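The values are calculated or read from the model by the stated rules, or taken from the named source; none is laboratory data. Here the structure is a predicted model, which means the values were calculated and not measured. Quick reminder, even Gly has a Cβ in these numbers, built from the backbone with ideal geometry, and neighbours come from all protein chains shown. For the accessible areas, the whole protein counts, side chains as well, though only heavy atoms, and no ligand, DNA or RNA atoms are used. Shrake-Rupley method; radii C 1.70, N 1.55, O 1.52, S 1.80 Å.
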Amino acid sequence: MEWLAWETGLIATGITVPILVGMYFLKLKRREMLISSTFLWQRAVQDLQVNAPFQRLRKNLLLLIQLLILLLLLIALARPALVQPAAPAERYVLLIDRSASMNATDVAPSRLAEAKAQAKAFLESLGGESLISWGGRDIQAMVIAFDNHADVLCQFTSNRNQLNAAIDAITPSDGGSCLDEAVTVAQAFAQSPGDEANNRSAETPATMVLFSDGNISDRRSVVVPAGCMKFQAIGKSSDNTAVVAMQARRSYDQADEVDVFASLANYRDKAAVCDVQLSVDGKPRAVRQVTVPPVRLQDGKRTPGQLQVSFRMQQAAGGVVEVRQNQPDTLACDDTAWAVLPEPQSLRVLLVTSGNAPLLLALKACSLSKLDVMTPQKFDTGDFSQLKAAGAYDVIVLDGHAPKKLPQGCYLSFGPPPGQAAATSGGTIKNQAMIDWRQQHPVLQFVNMTELFIANAHRLKLGRDAEILCELRDGPGMAVVRRKGSVFLLVAFDVLESNWPFEPGFVMFCQNAIRYLARNTERKRQNIQVGEAISLQLPAGIKAKLTTPGTKPRTITADAGGVVRIPATSLAGVYRVNTDRQQYDFAVNILDPAESDIRPADEIEFSGQSVAARKTAAGQSNRELWPYLVAAVLFLVCLEWLVYKQKLKV
Amino acid sequence: MSAQATSRSTRKLTDLLDSRFMARLDGLDVASRKILQGKLQGERRSKRRGQSVEFADHRPYVRGDDLRFVDWNIYGRLEQLFMKLFMEEQDLTVHVLLDVSGSMATGEPTKDLAARRLAAALSYVSLVNNNRVTLSAFCDGLTGQMPNMRGRIYLPQMAEFLLSAEADGPSDFDKACRQATATRQGSGVMIVISDFLLKEGYENALRQLISRNYELYVVQMLSPQERSPEISGDLRLLDCEDYDVAEITLNAALMKSYKRTLAGFCNSLRDFCTARGARYLPAVSSDPVEKLVLNSLRRLGLLQ
């Protein structure tokens, strides 16, 4: 048995018991009555006192009952709790979900706040070092908050203040829910005795208590030992309409024309009528009212109602496109999606060759805005700094030319690898065919290489970090190497030494390679999901202003390599990096149907076992005794009334 | 004159006794078990042979006898003088001692009212039978007295006296009895109407009343509330005479004890009276005075 609020009980005892006893010392307020003579009554009272020795006892019986009632109430106030005989683990891992769906406001003020409150209540119910505990139990807990990643906020400790502070420190995020990492971390901690081991064996099982709405995306892959997981379900509504997909892209034909596609999902049981607003850089461009169908039940599975919305608009310049649905619902953070619209791409390519008609023709087919041809000699004698200052080329194609020094840039190299690419040619290999290639890689998409035959190729010797795209029979045929801000796409052979120019895949390859490399020079990926990191290439040491959603702008500095990294974006919105010359926008979106489906789960099916949800508030692992005590008090009050009535009975 | 007085008296007397009851009382008389010597020649047979119409006996003439009572018929036959002896009828003194102390004012109906009606009925019977009636009211000693009333003519005064006596103040029964015995003359019947709830006791006082030639009747008038109290809870009882306080918590046990005490008290009074030849009559103020007079007192032998 434990006392969950013994201080309160003690204080109340100190106050109430003297009051009750004192009241018995007070004189009873009696009703006055005039009668003919008191002498018969006095004689009767005397008789009674002489003849009835139990009278005093009867009076005291009432006091005894009242004292007993008070005692029971005071014990109830101290909240005694029975620890279950099969006591659960003495170590607890509180896993608190802080993903986007936990921002839903169906439980006031939000699901996350409710989860934090329930976690605290759970800790309260366990007791801890500051409590008198019978049997000397020492309970430890740790706190892990998770969205896409797990954060250990407090390691195993029995210090309740520390645990409460850790719970308070959990901030909401717009990320997804991945429990695997959290469970792995929890199990790792549970197996190490920790600082406060107190001779505890490492085998002491730790019970994981999950405070979540149950929308765990990787639940199928999480392995939880039987009985080690408790799931406290938070939330009660599925009232949500979300933007679950969005894309903004320029038309292939006309660079000024932009197509915006968005997909809306409705998780309600009735159709949602909502206004979809399209804005560019915060300025509304179009509003359309749409009706999103309700949830459908198919084979017992709920499929949200979906609706595709597309807009077409004229936008020559770049900008941030925003699609917002204006129907109020319980989860606000997934009502908006952003996409960064790049400026129309105008690729400038320099071909360094001593004459390669097929390559030249293929590049010309790539709809480039500028294609210059330069001989190797002129390229070598040229001033690189001028080349750079001239606005640079997006891609430089080196056809059989491998200069030792190259300016920072993106290179497509045929034949011997340039010295700067940290790759050397280890001789020549003859009569090669392509035996394997990565069809999914952007460079090799739609490129068929089965018929490719190469008469002479260089045996490429690559560094460990090289990304090999295809393999010849005796060596790598193609590789991507990144060095000091430069990107090299190395092709091990001269196209004229192969039958590749006669293959339709060659033109596709050139197109893919130029686009791929150009994208590498351009801003990296500008449309990312919550939780991913932002990485940006800037001049080394430059200072920039970073504006993120929900926080004040702050200054960041590029490292020696010129890279700026914003680790783990936690909130959806537009992240903006401003330098003196340029502005870089990054659209961070949730776009996660699993997170938008905020319906609380009744059970979570983990790999191998399912854990049923406990909908009642957490903290009942100890059986509290106060309800029984109050019942006993009620009974005693009735008894007291009976005794009192009996006493007064005439 | 007499008719006027009677009518006025009945008008006043009807406050205490209704006329039908009075008509029934007309047929009653006060009886005395002892033939007692009165002061005046009355309507009552006494043990003494006296002047009366009812023959009792003869006796030889001795010098000095009243020649009017010589039986001349016997002298004619026997030539001896014999005296005719008649039952002498004597008057009877009826002394009613009425308690008008504060305690008599309590009860519902009040004991005081019932006691006065009883006193009125007894006085009425006595007056209409030409008995000598003395009415005394007492609380802290005698507070008023109507001595030696005789005949119907005194009915208004008797009614006036009874109606004007206020029940108030402490009681001193002992002193009252002393005063009453000092003032009474002759002998007769003495009727004491009181609740006898006397802290100092009634024994000494009653002993004084019994000690003379007075036949004593004790009527203990209690209220129904005293016989079975209908109160409960925590009470502070206040004595209406001396404002003495008794704090009680009335419960079943105390109620039982009270009733036992009351019964014991009444029994001891009865035993005291019986042992001394006095008659004891318990009465409740809620009982109709007709029943008390026509049944209880007749059964007791006071009235016939």
task: Filter region B:72-123 for residues that are more than 14 Å from chain A (Cβ to nearest Cβ), open to solvent by less than 10 Å² (accessible area, probe 1.4 Å) and part of a helix (DSSP H, G or I) and give the result.
output: B:LEU118, B:ALA119, B:ALA120, B:ALA121, B:LEU122, B:SER123
query: Restricted to region B:228-240, and to residues that are open to solvent by less than 50 Å² (accessible area, probe 1.4 Å) and at the interface with another protein chain (Cβ under 7 Å from one of its Cβ atoms), which residue is nearest to B:PRO170 (Cα to Cα)?
result: B:CYS240
field: Considering residues of region A:251-270 that are aliphatic (A, V, I, L, M) and at pLDDT 90 or above only, the residue nearest to A:LYS236 (Cα to Cα)
entry: A:ALA265
query: Within the bounds of region A:396-412, is there any residue that is within 42 Å of the chain's Cα centre (by Cα), in contact (Cβ under 8 Å) with a residue 40 or more places away in the chain, closer than 30 Å to A:GLY562 by Cβ and part of a helix (DSSP H, G or I)?
result: no
Scope region B:162-173; condition under 17 Å from B:LEU197 (Cβ atoms), open to solvent by 50 Å² or more (accessible area, probe 1.4 Å) and acidic (Asp, Glu); matching residues: B:ASP168
message: Looking at the structure I just gave you, is B:GLY151 among the small types (Gly, Ala, Ser), surrounded by fewer than 18 Cβ atoms within 10 Å (Cβ to Cβ), more than 9 Å from chain A (Cβ to nearest Cβ) and in contact with a helix residue (DSSP H, G or I) (Cβ under 9 Å, 6 or more places away or on another chain)?
response: yes
- request: Identify, from the list B:ARG11, B:ARG48, B:ARG44, B:ARG63, the residue that is at pLDDT 55 or above and either assigned by TED's automatic domain parsing to the domain that holds B:GLU215 or basic (Lys, Arg) (or both).
  value: B:ARG63
statement: If we keep only residues of region A:336-377 that are touching a Cys at 6+ places or on another chain (Cβ under 9 Å) and outside any strand (DSSP E or B), then the residue surrounded by the fewest Cβ atoms within 10 Å (Cβ to Cβ) is A:ALA365
- line: For B:ARG178, the lone unmet condition from (1) over 17 Å from the mean Cα position of the chain (by Cα); (2) modelled with pLDDT of 85 or more; (3) surrounded by fewer than 23 Cβ atoms within 10 Å (Cβ to Cβ) is (1)
field: Condition met for B:LEU127 (open to solvent by less than 10 Å² (accessible area, probe 1.4 Å) and outside any strand (DSSP E or B))
entry: yes
field: A:ALA317 being within 19 Å of A:ASP592 (Cβ to Cβ) and either surrounded by fewer than 20 Cβ atoms within 10 Å (Cβ to Cβ) or modelled with pLDDT under 85 (or both)
entry: no
query: Quick one: which of B:ALA252, B:ALA275 is free of Cβ contacts under 8 Å to residues at least 60 places away in the same chain, away from every other protein chain (no Cβ under 12 Å), of a type in the set (A, V, I, L, M) and open to solvent by 30 Å² or more (accessible area, probe 1.4 Å)?
result: B:ALA275
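Among the residues of region B:202-227 satisfying the criterion of being facing chain A (nearest Cβ under 10 Å) and either of a type outside the set (A, V, I, L, M) or assigned to a loop (DSSP other than H, G, I, E, B) (or both), which is surrounded by the fewest Cβ atoms within 10 Å (Cβ to Cβ)?
Among them, the one singled out is B:GLN225.
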- request: Exactly one condition in (1) more than 20 Å from A:ALA362 (Cα to Cα); (2) open to solvent by less than 70 Å² (accessible area, probe 1.4 Å); (3) touching a residue at least 24 places away in the same chain (Cβ under 8 Å) is not met by A:GLY419; state its number.
  value: (3)
- request: Identify, by number, the condition in (1) open to solvent by less than 70 Å² (accessible area, probe 1.4 Å); (2) assigned to a loop (DSSP other than H, G, I, E, B); (3) at pLDDT 85 or above that A:SER621 doesn't meet.
  value: (3)
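Considering only region A:311-336, state which residues are within 29 Å of the chain's Cα centre (by Cα) and over 20 Å from A:VAL574 (Cα atoms). Steps first, please.
First pass over region A:311-336, keeping only residues within 29 Å of the chain's Cα centre (by Cα): A:319-336.
Those that are within 29 Å of the chain's Cα centre (by Cα) and over 20 Å from A:VAL574 (Cα atoms): A:GLN327, A:PRO328, A:ASP329, A:THR330.
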Test: residue in region A:388-397 that is buried (at least 20 other Cβ atoms within 10 Å of the Cβ) and under 30 Å from A:ASN589 (Cβ atoms): yes
field: Checking B:VAL133 against (1) among the β-branched types (Val, Ile, Thr); (2) within 14 Å of chain A (Cβ to nearest Cβ); (3) open to solvent by less than 10 Å² (accessible area, probe 1.4 Å), the condition it does not meet
entry: (2)
query: Within region B:281-301, is there a residue that is more than 9 Å from every other protein chain (Cβ to nearest Cβ), closer than 25 Å to B:LYS175 by Cα and over 15 Å from the mean Cα position of the chain (by Cα)?
result: no
message: For the structure I just gave you, tell me whether A:VAL530 is touching a helix residue (DSSP H, G or I) at 6+ places or on another chain (Cβ under 6 Å), aliphatic (A, V, I, L, M) and at pLDDT below 90.
response: no
